Structure formats: C-alpha cells, structure tokens
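Participant: Take this structure first; my questions come after.
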Amino acid sequence: MDIVKEYSNGTITIVWRPAKCAHSGLCAKHLPSVFQPDKKPWMDLNAATPEEIAKQVCLCPSGALSIKQTPQTSIQMEDDGKKGMFVIFENDQRAGEMTFTWAGDSKFIIDHTGVDSSYEGKGYGRILVKAAVDYARNKPAKIIPLCPFAKRQFEKHPEYSDVLLF
C-alpha cells in the first residue's frame with residue numbers, strides 16, 4: 001500500500017509519497033524554510049510563497065513531491081447593520097458560513113460557524129474566523145466570540161487579541 005501525505009496552507013497543497021522519496025535532500029537544501037526533515041510536520045507551507053514552493057517541488061528528482069490543484073475559494077460578506085455573515089465558497093459552491101450579530105456600532109458577536117460536512121478538514125472554519133478578524137481590524141471593531149469554534153480559534157491565535165473583546 002502506497003502511503004500518501006498531503007500538506008496544505010489553503011493556497012497550495014503538496015502531495016508527498018514517502019515510498020518514492022530518494023531522500024536526496026534537495027528540497028531541504030534549496031528551500032530550508034519550508035522543507036525541514038527534522039521537524040514534524042516536516043513542511044511549513046507558510047514559510048515561502050506558493051510560487052517558490054511549486055518551483056522547488058517541480059525539481060524533486062524522485063517525483064515523491066507533487067502539487068495538487070487547490071480549489072478556488074472566495075468569501076462573501078453580508079451585513080444589514082444588525083446581523084451579518086461571512087460565506088465561503090469552493091469553486092462557486094457554498095461550503096460554509098459564519099454568522100454574527102452587531103452589539104452596538106463597534107462590536108459584534110460571532111454566534112455560529114458551520115462548514116458543510118463534504119468540505120470539512122479544509123480549514124474553511126478557520127478561514128472564516130480570519131475574515132472576521134480582518135474585517136474587525138479594518139472597521140475598526142471588536143469581536144465577542146460566543147461560537148465555540150470561533151472561541152477556540154481566538155485561543156489558538158493570540159495574534160487576534162487586538163480585536164478580541166471579553
């Protein structure tokens with residue numbers, strides 16, 4: 001049985017087939033910020049641009065590394081001044097949503113985050129929370145995360161604390 005592992009950052013997905021790997025070390029030598037064999041996970045796809053990563057993957061001598069086409073995603077926001085939502089689409093199909101309610105002019109409550117089961121595991125909930133954080137920073141506004149998923153995202157990402165209101 002061929003083991004296949006996928007690493008993704010939402011923009012690019014790298015497929016690694018360990019059985020094919022010749023362990024030449026070229027990936028780690030030429031792009032050490034991304035390919036770190038001594039760490040787990042051994043790839044950090046946020047450490048370089050998708051173009052730099054793709055270029056290095058194409059140079060893999062054994063073919064153990066390849067690029068998987070990442071679906072096109074988009075986010076739309078709706079806001080009527082009282083309630084709103086961020087909706088994420090994959091290839092023009094609705095994949096999930098995060099709803100919020102305004103609590104005054106400068107703060108809103110995230111009350112629900114949901115992703116359709118056929119899109120689970122792709123990080124879409126995290127992407128929706130990040131969209132709300134970006135929106136709050138631009139408005140500016142503060143966020144009260146009552147939704148359990150959103151609350152966990154704020155706990156995992158201290159860099160979001162500037163828009164957090166508790």
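The values are calculated or read from the model by the stated rules, or taken from the named source; none is laboratory data. Everything quoted here is computed from the prediction, not taken from an experiment. Positions of Cβ are backbone-derived with ideal geometry, glycine not excepted, and every protein chain shown enters the neighbour counts. To get the accessible areas, we keep the full protein, side chains included, count just its heavy atoms, and leave off ligands, DNA and RNA. Shrake-Rupley method; radii C 1.70, N 1.55, O 1.52, S 1.80 Å.
Participant: With N set to the number of residues, divide the alpha-carbon radius of gyration of the chain by 2.2 N^0.38 Å and report two decimals.
Facilitator: For the chain, the normalised Cα radius of gyration is 1.24.
Participant: Moving to a separate point now. Measuring from label point to label point, each 7 Å out along Cα→Cβ, what is the Asn91 to Ser24 span in nm?
Facilitator: 3.2
Participant: Sticking with this one: Can you give the Kirkwood hydrodynamic radius for the stretch 6-66, in Å, rounded to one decimal and based on Cα pairs?
Facilitator: 11.4
Participant: Go ahead and set up a Gaussian network model of the chain, Cα springs under 10 Å, then flag whichever of Ala141, Ala150, Ala22 fluctuates most.
Facilitator: The residue that fluctuates most here is Ala22.
Participant: Which one of Met77, Met43, Ala64 has its Cα pushed farthest toward the positive end of the charge dipole of the stretch 28-161, where Lys and Arg give +1 and Asp and Glu give -1 at the Cβ?
Facilitator: Going by the charge dipole, the pick is Met43.
Participant: Using the heavy atoms of the protein chains alone and a 1.4 angstrom probe, what is the accessible area of the stretch 22-132 per residue in square angstrom?
Facilitator: Here the per-residue accessible area is 59 Å².
Participant: How much length is gained on full extension from Trp102 to Ser117, taking 0.36 nm per residue of separation minus their Cα-Cα distance?
Facilitator: Here the segment from Trp102 to Ser117 would lengthen by 2.6 nm.
Participant: Multiply the residue gap between Asp80 and Lys142 by 0.36 nm, knock off their C-alpha separation, and tell me the result in nm, one decimal place.
Facilitator: 20.6 nm
Participant: How large, in percent, is the carbon and sulfur part of the accessible surface of the chain at a probe radius of 1.4 Å?
Facilitator: About 52 percent, which is the carbon plus sulfur part of the accessible surface.
Participant: With the chain treated as a Gaussian network of Cα nodes joined by springs under 10 Å, which of Gly104, Gly125, Gly114 yields the largest mean-square fluctuation?
Facilitator: Gly104
Participant: Near Lys83, which lysines are there with a Cα under 16 Å away, not counting those fewer than 8 places off in the same chain?
Facilitator: Reachable lysines: Lys107, Lys139, Lys142.
Participant: Still on this structure, please answer the following. Could you work out which residue, out of Val87, Val15, Val133, moves most in a Gaussian network model of the chain, that is, has the largest mean-square fluctuation with Cα springs under 10 Å?
Facilitator: Of Val87, Val15, Val133, the most mobile in the Gaussian network model is Val15.
Participant: Under a point-charge model restricted to the Cβ atoms of Lys and Arg (+1) and Asp and Glu (-1), what is the dipole moment magnitude of the chain relative to its Cα centre, in debye to the nearest 20?
Facilitator: With only Lys, Arg, Asp and Glu charged at Cβ, the dipole is about 440 debye.
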